[in-house]
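The values are calculated or read from the model by the stated rules, or taken from the named source; none is laboratory data. Not measured: the values here are computed from a predicted model. We place every Cβ from the backbone using ideal geometry, glycine too, and count neighbours over all the protein chains shown. Ligands, DNA and RNA are stripped out before the accessible areas are found, and what is left, the full protein with its side chains, is counted by its heavy atoms. Shrake-Rupley method; radii C 1.70, N 1.55, O 1.52, S 1.80 Å.
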Amino acid sequence: MKIQQTLVLIKPDGLVKSLTGNVITELSDTELTIVGAKVVQVTRELAEEHYQHLKEEKFFNELIKYIMGEYHVKRVLALVYHGENTIKNIRKVVGSTHPEKAEPTTIRGKYGRVTSKGVFENVVHASENEKEAEREIKLWFRPEELAYTIYPTDTKEVKKVEYFWKS
Ligand code: DAT
Ligand code: MG
């Protein structure tokens, strides 16, 4: 058994369809722990970096528009799950990439669809392997945003502007 962390994104179609509760419930069957969670407005830069391995695909532009929320709502919910064999366990509950080919009982099988433009609205993202999980978690989260991290961290002094609520 291997302790791993994995990045899960509830994509804009999942949020607009109010599927957050359903997705988290399905994922809680894996008995893994959430160690990070935040709502993110995805910039083009973040989207292109996240999906860099698909840059040459003909569906890349549509994919970037979809994850940036141009078809639904401009936010995603980013989560980091922690536990034994997290990557495989989560991918199993999430299902195959193509929603129509995903097992009907998986998240993508239940809630996903393919649009007439050919966009796979597959509700969630989940990291594929350990290397990708590490790359993605470090792309989406800062170390202090995680309750626990398995990757080494470092510190340095920085001059910082802090925001406060106006009184
Ligand atoms: P996964 O999200 O299952 O890891 P992936 O990394 O291969 O799959 O692709 C990332 C996303 O790109 C995927 O969730 C949906 C989209 N995608 C993949 N293949 C596609 C295709 N043939 N047509 C349209 N969109 C596709
Ligand atoms: Mg992938």
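Side notes on the structure shown:
- Ligands, DNA and RNA left out, the accessible area of segment 3-145 computed with a 1.4 Å probe is 48% carbon and sulfur.
- Inter-probe distance in nm under a simple model that places probes 7 Å from Cα toward Cβ, at LEU139 and LYS17: 2.3 nm
- Protein-only accessible surface order, largest first, of SER18, SER116 at 1.4 Å: SER116, SER18
- Links that overshoot a 31 Å alpha carbon limit, given the list LYS88/LYS159; LYS92/LYS117; LYS17/LYS160; LYS74/LYS101: LYS88/LYS159; LYS17/LYS160
- For a label point 7 Å along the Cα-to-beta-carbon line of ILE150, residues of segment 63-85 with backbone N under 17 Å: 79-85
- Spin-label zone in segment 87-118 - amide nitrogen under 20 Å from a point set 7 Å from the Cα of ASN61 along the C-beta vector: 115-118
- Cα gyration tensor shape for segment 5-51, rounded if a/c is under 1.5, else prolate or oblate: oblate
- Per-residue SASA entry for ARG113, accessible area with 1.4 Å probe, Å² rounded to 10: 120 Å²
- The HN-Hα couplings worked out from phi for segment 74-82 by the Karplus form 6.51 cos²θ - 1.76 cosθ + 1.60 (θ = phi - 60°) are 7, 6, 10, 9, 9, 10, 10, 9, 10 Hz, whole numbers, x standing for Gly and Pro.
- Phi angles of segment 141-148 translate, via the Karplus equation with coefficients 6.51, -1.76, 1.60 and θ = phi - 60°, into HN-Hα couplings of 10, 8, x, 6, 7, 9, 5, 7 Hz per residue; Gly and Pro are given as x.
- Each of ASP13, ASP154, ASP29 has its accessible area taken with a 1.4 Å probe; listed largest first, they run ASP154, ASP29, ASP13.
- The modelled label-to-label distance between VAL73 and ASN85, using points 7 Å beyond Cα along the C-beta direction, is 3.5 nm.
- Taking every Cα-Cα distance in segment 3-145 and sorting them into 5 Å bins starting at zero, the pair-distance distribution P(r) comes out as 2, 10, 20, 25, 24, 14, 4, 1, 0 percent.
- The solvent-accessible area of PHE141, taken with every protein chain present and a 1.4 Å probe, is close to 10 Å².
- Each residue of segment 103-112 was assigned a 3J(HN,Hα) from its phi angle through the Karplus expression (A = 6.51, B = -1.76, C = 1.60, θ = phi - 60°), giving 3, x, 8, 7, 4, 5, x, 6, 10, x Hz with x at Gly and Pro.
- For the chain, accessible area per residue (1.4 Å probe, heavy atoms of protein chains only), Å²: 63 Å²
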